[in-house]
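Presented below is the structure to which this report refers.
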Amino acid sequence: MCLYKEKPMETVPKKLNTIPATPVPNNYFRFHLPHLHLGSVFGDDWFSLKAEAFARFFGTPVFLVGQTAIVAIWIGLNAFGLTKFDVYPFILLNLAFSLQAAYAAPLILLAQTRQADRDKAHADADAQHREALALASEQRQTYAVQQSEQLLALLQQNTQLTELVKELSQRIEVLTSDMHSKVIQDSKR
């Protein structure tokens, strides 16, 4: 199962008397896509994947309960004399535990190393995404400052044009009054 596949946008189901549904993104790992080429130190072959799955199984309750049941049956069969394949002090059982520990430790270390590699790749992807967000935020702020400066320049030009229109209107009024007074004087003569 790959966590990095792009999934289509889904909508939240509508409820009665609520706000219309909004799209909810399902591709949470879209920023990790550039890091898909990063392979594990131990590779992604069949053995590595199965070894990691087996190492992860060691810590599950199913394994612990199953191992306890097997050990209890083993000891019970041998202690009560039903069989004699591993009598007290249970040397064969100790050998089985030693063998299990000999294989479990490297498998657990392998699983931890692979997880550390994945965590490092995810942390790197998250850091790059945060940097991209910071850069986008800076660009938006720069754009907002530029727009504010342009708006202030336009307001200044508008104020100058308004003052110019006022001056011209006053001149026109004075000229109109002068012309009107001359026309009236000429008509009286």
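The values are calculated or read from the model by the stated rules, or taken from the named source; none is laboratory data. Computed from a predicted model, the values in this text were never measured in an experiment. Note that we place each Cβ from the backbone using ideal geometry, even for glycine, and neighbour counts take in every protein chain shown.
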Out of GLN115, GLN150, report the one residue that is farther than 28 Å from LYS50 by Cα and polar (S, T, N, Q).
GLN150
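Please state which one of ALA96, ALA132, ALA121 is farther than 17 Å from GLU52 by Cβ and under 21 Å from the mean Cα position of the chain (by Cα).
After applying the criteria, what remains is ALA132.
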May I ask you to verify whether ALA79 is over 26 Å from TRP46 (Cα atoms) and at pLDDT below 90?
yes
Filter the stretch 27-57 down to the residues that are more than 21 Å from ALA123 (Cβ to Cβ) and buried (at least 16 other Cβ atoms within 10 Å of the Cβ), then identify the one that is modelled with the lowest pLDDT.
SER48
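When only residues in the stretch 78-121 that are among the charged types (D, E, K, R) and surrounded by 11 or more Cβ atoms within 10 Å (Cβ to Cβ) count, which is nearest to THR60 (Cα to Cα)?
The extreme case among them is ARG114.
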Quick check: anything in the stretch 63-77 assigned to a loop (DSSP other than H, G, I, E, B) and surrounded by fewer than 12 Cβ atoms within 10 Å (Cβ to Cβ)?
no
